[in-house]
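Asker: Got a structure for you, written out below as structure tokens; questions coming shortly.
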Amino acid sequence: MPAFLLNRPWLLAFLLGALSVLAMPPVHAVPVLLATIPGFLWLLGRAPGWRRAAWWGFGFGFGFHVAGLYWITHSLFTDVGRWWWLVPVAAPGIALPMAAFSVIPALAAWWLPPGWRRWLGFGAAWVAAEMLRGILFTGFPWNLLGTVWAFHALPLQPASVIGVHGLSLLTVLLAGLPVLRSRAAWAGGIAVLALWMGFGAWRLAEPLPPDHAVRLVLVQGNVAQDTKWDPARRMPIFQRYLELSAEGARAQAAAHPGQPILVIWPETASPFLLAQDAEAMRLAGAALPPEALLLAGTVRAEWGSDGRLQALFNSLVALDPTGRAVGLFDKAHLVPFGEYMPLGGILPIRMVTGGVDFSAGPGPEVLHLPGGLPSPGPLICYEVIFPARVVGEERPAWLLNVTNDAWFGISAGPYQHLAAARLRAVEEGLPMVRAAQTGVSAIFDATGRERARLGLGASGLLMAELPAALAPTLFARCGLWLPLGFLVLFLVFSVPWRRSPSGESG
């Protein structure tokens, strides 16, 4: 370790946190955690007091979130003339409150005695902090450590039991094994990893139910965010979606005659208020063959009797070939600063596009489709990142994530978003269909295996058959209670409950 860093422990903690992001999508360099997590624990063991440990923990979290959320800055370039002053501070500004959660495992590691108690308590406290981060202040559970395994379906399978938080717990404990300096610990870690992968292989070997006889056509328009709402570009953009929809639906109808077809547009794909624009609905319906339905992302408005705008919604509307709306879903979990301004307008800036806050829908629910078609559970944009909060009281036949990742350009952001969607499929035992305005669009079966993908920055169609659901997983039935139970158990075991006569922990 260079002496320069040893003499600047906060900077060392920051760098260890930033390096840990290499384990996240899209790089997935998971072995880097075998250096960064033990390094962080070693550093915390040198802290002369709890204040210094907390400060170093904050530094680790700040590095982790600045490096992991750098792509947020890209959204400001869509109106850089207005928001240029936020460019250097956007990612650090969001990382600051996120970093505060890293103080929790740092203090736990400092307080607990060295050895297995510190190792075990640190892992449990890390996951406790992740869970709190997903709940407090509307929640932002982005880049949970269990996401590092989303490069393949095999290591994701325990999420069907313990969720992504359980994967995070296992990941921290395995990565922290070097601090134990024990061959027995390494042997135990290898055994756990073998059981982990064995469970994944067993679950993936189980036969899946037959696919639904429903053909999917996902339309990825790849529209740049800075041109999307340009009045001169609206009709050409709409025409692009119509032409791609007609092409894909005709191809599916010819290849699979008689089977129903679902054409899916991503979040706010329509540059018009589609659910209230009769001509736009007629044109969209005209692009469909008789056996098709269109599920389209759009902004929806409600006006009062005096003609004044009362509410805006980020919505998904279902249209039949006559252009008639046969289903509607409104986004429930809105993005702070992006779709509404927190604190009731107290802040002196307005960052929401158009200057009008969106209104929230009722929450996770099923979008019932006509003709007995399998009904999806829609998730608009970042609604998909919340474990155990994507399915309501009624279980859907599949999950549909429509999103607009054009805000974040060619960066790590869309891949991190995709990884979260893949994990929800495994956790719930439901297929995940993801339509993105600009990548990555993908289809995963109920075990998280990838069926099809359309890459980032591409324009085109993604066509496949709709996978079937599995029976509700243990995680789908128990939610966060299982990972919460494990972290509480581990915290209890890590605490030294008795003292030796000399006053030291026993």
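The values are calculated or read from the model by the stated rules, or taken from the named source; none is laboratory data. Note that this is a predicted model, so its numbers are computed, not measured. Here the Cβ is made from the backbone with ideal geometry for all residues, glycine too, and neighbour counts use every protein chain on show.
Asker: Confirm whether Arg117 is at pLDDT 95 or above, among the charged types (D, E, K, R) and crowded, with 20+ Cβ neighbours inside 10 Å.
Answerer: Details: at pLDDT 95 or above: yes; among the charged types (D, E, K, R): yes; crowded, with 20+ Cβ neighbours inside 10 Å: no.
For Arg117, the condition - at pLDDT 95 or above, among the charged types (D, E, K, R) and crowded, with 20+ Cβ neighbours inside 10 Å - is not met.
Asker: Filter the stretch 172-187 down to the residues that are in contact with a Gly (Cβ under 6 Å, 6 or more places away or on another chain) and either closer than 14 Å to Trp126 by Cβ or among the aromatic types (Phe, Trp, Tyr) (or both) and list them by number.
Answerer: Residues of the stretch 172-187 in contact with a Gly (Cβ under 6 Å, 6 or more places away or on another chain): 172-174, 177.
Within the stretch 172-187, Val172, Leu173, Leu174 qualify.
Asker: Right, another one. If a residue must be within 10 Å of Ser20 (Cα to Cα) and either of a type in the set (Gly, Ala, Ser) or surrounded by fewer than 19 Cβ atoms within 10 Å (Cβ to Cβ) (or both), how many such residues does the stretch 33-60 contain? Quick ask: steps written out before the conclusion?
Answerer: Taking the stretch 33-60 as the starting set, the residues that turn out to be within 10 Å of Ser20 (Cα to Cα) are 33-37, 60.
Filter once more, so that each one left must be either of a type in the set (Gly, Ala, Ser) or surrounded by fewer than 19 Cβ atoms within 10 Å (Cβ to Cβ) (or both): 34-35.
Residues flagged as within 10 Å of Ser20 (Cα to Cα) and either of a type in the set (Gly, Ala, Ser) or surrounded by fewer than 19 Cβ atoms within 10 Å (Cβ to Cβ) (or both) within the stretch 33-60 amount to 2.
Asker: Another question about this same structure. For residues that are surrounded by fewer than 19 Cβ atoms within 10 Å (Cβ to Cβ) and touching a strand residue (DSSP E or B) at 6+ places or on another chain (Cβ under 7 Å), scanning just the stretch 328-344, find the one that is farthest from Gly371 (Cα to Cα).
Answerer: Pro342
Asker: Let me ask something else about it. State all residues of the stretch 327-358 that are out of contact with any Lys or Arg (no Cβ under 9 Å at 6 or more places or on another chain) and either assigned to a strand (DSSP E or B) or at pLDDT 80 or above (or both); if no residue qualifies, say none.
Answerer: Gly327, Phe329, Lys331, Ala332, Leu334, Val335, Pro336, Tyr340, Asp357
Asker: Follow-up. Suppose we filter Ala435, Ala421 for residues that are in the same structural domain as Trp229 (by TED's automatic domain parsing), in a helix (DSSP H, G or I) and buried (at least 19 other Cβ atoms within 10 Å of the Cβ); which single one remains? Give the derivation first.
Answerer: Details: Ala435 fails: in a helix (DSSP H, G or I).
Residue meeting the stated conditions: Ala421.
Asker: Here's another thing I want to ask about it. Name every residue in the stretch 143-158 that is surrounded by fewer than 24 Cβ atoms within 10 Å (Cβ to Cβ) and hydrophobic (A, V, I, L, M, F, W, C), in order of residue number. Step through it out loud before you land on a result.
Answerer: Narrowing the stretch 143-158 to residues surrounded by fewer than 24 Cβ atoms within 10 Å (Cβ to Cβ): 151-155, 157-158.
Selection gives Phe151, Ala153, Leu154.
Asker: Out of everything in the stretch 95-149 that is in a loop (DSSP other than H, G, I, E, B) and over 20 Å from Leu480 (Cα atoms), what residue ends up being nearest to the chain's Cα centre (by Cα)?
Answerer: Here is the first cut: in the stretch 95-149, the ones in a loop (DSSP other than H, G, I, E, B) are 112-115, 134-135, 139-144.
When the remaining residues are screened for being over 20 Å from Leu480 (Cα atoms), the result is 112-115.
Working: Leu112: 32, Pro113: 35, Pro114: 35, Gly115: 34 Å.
Checked the stretch 95-149; the qualifying residue nearest to the chain's Cα centre (by Cα) is Leu112.
Asker: Evaluate the following for Leu293: is it crowded, with 17+ Cβ neighbours inside 10 Å and under 29 Å from the mean Cα position of the chain (by Cα)? If you could, list the steps in order and put the result at the bottom.
Answerer: Working: crowded, with 17+ Cβ neighbours inside 10 Å: yes; under 29 Å from the mean Cα position of the chain (by Cα): yes.
So Leu293 passes the test.
Asker: If we scan the stretch 317-326, do we find a residue that is more than 26 Å from Pro236 (Cβ to Cβ), of a type in the set (Val, Ile, Thr) and modelled with pLDDT of 90 or more? Explain how you work it out, then say what you get.
Answerer: Narrowing the stretch 317-326 to residues more than 26 Å from Pro236 (Cβ to Cβ): 326.
Still in the running and of a type in the set (Val, Ile, Thr): 326.
Those still in the list that are modelled with pLDDT of 90 or more too: 326.
The answer is yes; a qualifying residue exists.
Asker: Pairs, please: C-beta under 7 Å, at least 6 apart or cross-chain, first residue closer than 17 Å to Ala128 by Cα and in the stretch 152-171, second small (Gly, Ala, Ser) and not in a helix (DSSP H, G or I)?
Answerer: Here the result reads Gly163/Ala388, each pair linking the stretch 152-171 to a residue that is small (Gly, Ala, Ser) and not in a helix (DSSP H, G or I).
Asker: Additional query: How about the stretch 443-476: which of its residues are without any contact (Cβ under 8 Å) to a residue 24 or more places away in the chain and either of a type in the set (Lys, Arg) or touching a His at 6+ places or on another chain (Cβ under 8 Å) (or both)?
Answerer: Across the stretch 443-476, the qualifying residues are Arg451, Arg453.
Asker: In the stretch 367-381, which residues are hydrophobic (A, V, I, L, M, F, W, C), farther than 17 Å from Phe313 by Cα and in contact with a Ser or Thr (Cβ under 6 Å, 6 or more places away or on another chain)? If you could, list the steps in order and put the result at the bottom.
Answerer: If we filter the stretch 367-381 for residues that are hydrophobic (A, V, I, L, M, F, W, C), which is where we start, we get 367, 369, 373, 379-381.
Now narrow it down to the ones that are farther than 17 Å from Phe313 by Cα: 369, 373.
Correct list: Leu369 only.
Asker: Of all the residues that make up the stretch 159-207, how many are in a loop (DSSP other than H, G, I, E, B) and crowded, with 22+ Cβ neighbours inside 10 Å?
Answerer: Start the filter on the stretch 159-207 by keeping residues that are in a loop (DSSP other than H, G, I, E, B), which leaves 176, 181-182, 206-207.
Of the ones still in play, those that are also crowded, with 22+ Cβ neighbours inside 10 Å are 176.
Number satisfying all stated conditions: 1.
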